[in-house]
Amino acid sequence: MSLKLFHPSETLHWNDLNWKHVEKNIANLQHRITMATKRGDRRMVRNLQRLLVRSLSGRLKAVRQVAQENQNKKTPGIDGKLWTTSQQKLQAALDLRKKSKTQPLRRIFIPKKDGSSRPLGIPVIKDRATQAVWNLALLPVVEQTSDAASYGFRPYRSCWDAFAQTRVVFSRKNSAEWVLEANIRKMFDLIDPNWLLENTPVEKKVLKSWLKSGFFAVEVFSPTESGTPQGGVISPTLANLTLNGLEAFLEKRFPKPCVQSKAAGHRFDNQDKKSGNHKTKINVIRYADDFIVSGRSARQLERVRLAIEEFLKPRGLQLHESKTRITSIRTGFHFLGWKFWKAPNGAFLSQISRDSVKTHQMNIKRTIKQSGNLPVPTLICKLNEQITGWTNYHRCTDGLWKVWSKMDKYVYELLWKWARKRHGKRSRTWIYKRHWLHLNGRWTFFANDENSGKLYKLKHYSARKKLIGRLPAAVNVFDLRNRKKIAESISNRKTS
């Protein structure tokens with residue numbers, strides 16, 4: 001064991017780990033994997049991946065991810081085990097190098113907003129850690145070969161980047177007039193495991209054990225026929241790897257036309273402003289299994305759709321019929337919870353979609369309705385968490401003040417109804433004085449903690465529009481030469 005990872009402490013304890021040194025070791029190996037991938041040196045990639053997977057730094061970070069950072073850190077697999085103590089985490093990292101048989105998944109179902117449910121496969125925590133350490137080794141390869149306009153499940157990329165790229169594509173004066181809205185049906189469940197085994201730079205035995213592990217649902221075992229478990233740590237990376245290459249496929253199928261110049265035999269690509277109308281205007285913007293494709297006409301996008309289906313078929317995937325459509329940007333299209341359209345004056349506008357507003361209203365209503373006899377400060381904290389998350393996500397759109405005003409009114413009416421029901425025998429004046437306080441020129445729902453006397457205030461919908469600072473598509477986050485650009489991008493996101 002390397003004592004440098006615990007420096008300056010002299011004790012081998014989880015809480016004494018020098019995480020900066022751990023991260024530095026991993027970053028150096030990921031950089032080398034990136035460079036080897038760029039050179040096309042597959043043997044070196046494989047050797048460096050093995051070095052990272054077997055390193056103590058990689059195993060320590062993997063354990064920290066699954067035991068401390070991930071959302072399902074408190075959700076056990078079929079064995080019911082979790083790593084909660086410092087000793088358990090350190091011992092798990094030390095034991096992670098030992099080979100063990102992959103255990104079946106514990107399948108649970110998550111309700112979706114359309115009334116259906118989404119299956120979620122939960123591996124045992126040791127298998128999660130094994131996936132996490134292999135994910136550290138696979139990510140640099142996938143990132144190096146990623147489509148430029150893919151933003152889902154990628155470090156330092158987000159929905160905001162997809163939003164900004166959408167504005168870039170359609171804000172031009174001579175932009176495409178038509179859009180293909182597309183969604184891949186049950187992407188995680190239907191990916192062909194044979195395609196993954198042939199195309200994923202991970203040890204085949206390890207990958208096959210994850211893909212063929214099977215699952216338990218209501219204590220009944222079922223084998224896995226296809227797909228990659230949606231609850232797996234490495235599954236998002238495998239999904240991205242599966243869809244990478246779509247942009248290049250479409251560029252090859254629909255090449256940009258060339259124009260013959262006056263100089264005999266000289267040809268050049270149509271990239272200048274004068275020849276802009278000759279471009280295909282095909283641009284793909286993807287976030288996970290949702291993507292849009294711009295085009296000159298509905299007829300062109302019908303051909304694009306057929307080409308996409310051809311690309312997806314060997315991967316075992318297909319487009320979701322009810323969620324795939326071709327629309328004009330004049331009537332508008334939907335993407336990632338936003339509606340986009342081009343106004344008659346040529347301005348490209350965006351707003352929060354009606355479905356997003358409706359879903360958020362339902363969530364707020366459910367929280368208030370299910371509060372029961374919860375202390376009011378607890379209710380306020382829950383509502384504030386929902387309001388903050390929703391407003392932060394959507395604050396990049398236009399016309400925010402209209403939505404904020406509408407939501408403030410909606411929440412007020414729900415809380416007034418809740419207060420009247422809670423204090424049925426009290427007068428309206430008493431109820432209002434009990435739960436609303438005049439602060440900064442507006443009435444605010446509040447509560448005082450009976451024990452500490454702390455004042456809890458409900459947040460208003462008042463986030464200002466955010467300008468998005470983006471990391472350029474060409475920047476590979478695992479290339480250490482780009483550290484300065486990444487730091488600047490993070491700083492711009494915080495200050496914009």
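Tabulated results
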{"quantity": "For the range 354-457, size of Cβ-based charge dipole, Lys and Arg +1, Asp and Glu -1, in debye", "calculated": "560 debye"}
{"quantity": "Separation of the residue 194 and residue 256 label points, Cα + 7 Å toward Cβ, nm", "calculated": "3.8 nm"}
{"quantity": "³J(HN,Hα), Karplus 6.51/-1.76/1.60, whole Hz, each residue of the range 354-371, x for Gly, Pro", "calculated": "4, 4, 5, 5, 5, 5, 5, 4, 5, 5, 5, 4, 5, 4, 5, 5, 8, 5"}
{"quantity": "Residue (of 52, 220, 180) at the positive-pole extreme of the chain, dipole from beta-carbon charges", "calculated": "180"}
{"quantity": "CD proxy at 222 nm, helix term only [per DSSP H run n ≥ 4: -39500 (n - 2.57); per residue of the chain; nearest 500]", "calculated": "-13500 deg cm²/dmol"}
{"quantity": "Given 11 as the ceiling on other Cβ atoms within 10 Å, longest exposed-site-free region of the chain for trypsin sites (Lys or Arg not before Pro) in DSSP loops", "calculated": "1-97"}
{"quantity": "Cα centroid separation, the range 366-388 to the range 205-239 (Å)", "calculated": "36 Å"}
{"quantity": "Gain on full stretching of the segment that runs from residue 487 to residue 20 - 0.36 nm per residue minus C-alpha separation", "calculated": "166.5 nm"}
{"quantity": "Point-to-point label distance, residue 306-residue 428, nm (Cα→Cβ direction, 7 Å offset)", "calculated": "6.5 nm"}
{"quantity": "Mean Cα-pair separation over length for the chain, i.e. relative contact order, pairs under 8 Å, 6 or more apart, %", "calculated": "14 percent"}
{"quantity": "Across 358/409; 24/81; 73/126; 358/382; 89/208; 433/454, pairs whose alpha-carbon gap is larger than 22 Å", "calculated": "24/81; 89/208"}
{"quantity": "Contour minus Cα-Cα distance for residue 439 and residue 416 (0.36 nm per residue)", "calculated": "6.5 nm"}
{"quantity": "Segment residue 73-residue 370, length gained on full extension (0.36 nm per residue, minus Cα span)", "calculated": "104.4 nm"}
{"quantity": "Listed candidates (1) 1.00; (2) 0.96; (3) 1.08 - label of the one calculated as Rg/Rh (Cα atoms, Kirkwood Rh)", "calculated": "(1)"}
{"quantity": "Phi-based couplings in Hz for the range 20-25 (Karplus 6.51, -1.76, 1.60; Gly and Pro marked x)", "calculated": "4, 5, 4, 4, 5, 4"}
{"quantity": "Phi-based couplings in Hz for the range 120-129 (Karplus 6.51, -1.76, 1.60; Gly and Pro marked x)", "calculated": "10, x, 9, x, 5, 5, 5, 5, 4, 5"}
{"quantity": "At most 10 other Cβ within 10 Å, DSSP loop - GluC sites (Glu not before Pro), the range 351-454", "calculated": "450"}
{"quantity": "Cα convex hull of the range 354-457, projected area averaged across orientations, nm²", "calculated": "7.4 nm²"}
{"quantity": "Nitroxide proxy distance, nm - points 7 Å out along Cα→Cβ at residue 168 and residue 402", "calculated": "2.8 nm"}
{"quantity": "Which of 287, 461 has the fewest Cβ neighbours within 10 Å, and the rest in rising order", "calculated": "461, 287"}
{"quantity": "Filter on 74/204; 101/212; 101/205; 256/342 - keep pairs with C-alpha separation over 18 Å", "calculated": "74/204; 256/342"}
{"quantity": "Cβ-derived FRET efficiency at R0 56 Å, residue 94 paired with residue 148, nearest 0.05", "calculated": "0.90"}
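Every read-out reported here was derived from the displayed coordinates using simple, explicitly stated rules and does not represent laboratory data. Quantities reported herein were computed from a predicted structural model and do not represent experimental measurements. Cβ atoms come from the backbone with ideal geometry, glycine included; neighbour counts cover every protein chain shown.
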